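Trainee: First, the structure itself, so that you have it in front of you.
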Amino acid sequence: MTSSLLALLLAEGTQTSLVELILKSRGIVAAVVIILFLLVALCVFVIIFKFIQITMAQSQSVKFLDQFWKSKRLDDIYRVAENAKSSPIAAMFRAGYIELSKVKKSQEGGDNASMRDKMGDADNVERALARAKLAESTKLENLLPFLATTGSAAPFIGLFGTVFGIMEAFLAIAASGEAELGEVSGPIAEALITTALALASAVPAVVAYNYFQRRLKVLGSEMSNFGADFMNIVKRHFF
């Protein structure tokens, strides 16, 4: 019990000293601290937002694919796809279905199409699927470059603040002509705060970036497979 209370007090004392060091920072070090705090806050927001977005995309895609293979009518599947707004695979189906509907109307309005015309119509559907896949992939990858940039740039920003703070500490020591431990440790500790904040933003950003990239790679493979399966069905029944 006594050891637990002592550990809690020590932890509270450490947190208080860190807060004091951050509040005591000034000049360029203070500007770096503010920038790093903003990066930490933005990283937290981006990580939470992308986690929700990608999770919803995968969840709705799984449900849509289940309905896609169960149903035998494309118009019924289209109604299901309209309710799966977060699914990139459902978006691909909507684009392919709309293009297929245009092609079938143009064929019904004219004479019997030649084999070359039919192949051209199938290519139009395939291009619509490719465009939808590219648009959905771009939407899902949005904001991920921010995490990559933060992971690579934040340590250098923190290092800049640390080096500048240490330079100011040594210049102050040189001006006063004294080098007591208390006068040296305080400014150096303030300077090292920027490195700690830089790591607090860079490490989660890099980990989250790699995690999201892996999930998007899996989702991209599922989109490619769906596009190939959809075109096989279309060519078998409509061309």
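Trainee: Are any of the residues in region 140-147 closer than 25 Å to Ile89 by Cα, in contact (Cβ under 8 Å) with a residue 24 or more places away in the chain and either among the charged types (D, E, K, R) or loosely packed, with under 14 Cβ neighbours inside 10 Å (or both)?
Mentor: Yes - at least one qualifying residue is present in region 140-147.
Trainee: Considering only residues of region 94-130 that are among the charged types (D, E, K, R) and loosely packed, with under 13 Cβ neighbours inside 10 Å, which is modelled with the highest pLDDT?
Mentor: Asp123
Trainee: For region 221-237, name all the residues that are aliphatic (A, V, I, L, M) and under 23 Å from the mean Cα position of the chain (by Cα).
Mentor: If the condition is that a residue be aliphatic (A, V, I, L, M) and under 23 Å from the mean Cα position of the chain (by Cα), then Met223 is the only one that fits.
Trainee: Sticking with this one: Scan region 46-56 for residues that are surrounded by 12 or more Cβ atoms within 10 Å (Cβ to Cβ) and either within 11 Å of the chain's Cα centre (by Cα) or closer than 14 Å to Asn83 by Cβ (or both) and jot them down.
Mentor: Val46, Ile47, Phe49, Lys50, Phe51, Gln53, Ile54, Met56
Trainee: Just one of the numbered conditions (1) in a helix (DSSP H, G or I); (2) at pLDDT below 70 is not true of Lys133; which one?
Mentor: The number of the failed condition is (2).
Trainee: Quick one: what pairs do we get from region 61-87, first residue under 16 Å from Ala132 (Cα atoms), second surrounded by 12 or more Cβ atoms within 10 Å (Cβ to Cβ) and among the aromatic types (Phe, Trp, Tyr), C-beta under 6 Å, 6+ apart or different chains?
Mentor: Note: pairs meeting the criteria are Tyr78/Tyr97; Ala81/Phe93; Ala84/Phe64; Ser87/Phe64.
Trainee: Would you call Phe64 aromatic (Phe, Trp, Tyr), at pLDDT 95 or above and either under 20 Å from Phe146 (Cβ atoms) or surrounded by fewer than 17 Cβ atoms within 10 Å (Cβ to Cβ) (or both)?
Mentor: no
Trainee: Scanning region 83-93 for residues that are surrounded by fewer than 24 Cβ atoms within 10 Å (Cβ to Cβ) and either small (Gly, Ala, Ser) or over 21 Å from the mean Cα position of the chain (by Cα) (or both), which turns out nearest to Leu216 (Cα to Cα)?
Mentor: Per the stated criteria, the residue is Ser86.
Trainee: For Lys102, indicate whether it is more than 18 Å from Asn142 (Cα to Cα) and free of Cβ contacts under 8 Å to residues at least 40 places away in the same chain.
Mentor: Yes, satisfied.
The values are calculated or read from the model by the stated rules, or taken from the named source; none is laboratory data. Predicted model, so just to flag it, every value in this text is computed and none were measured. Ideal geometry is used to build each Cβ from the backbone, glycine not excepted, and the neighbour counts take in all protein chains shown.
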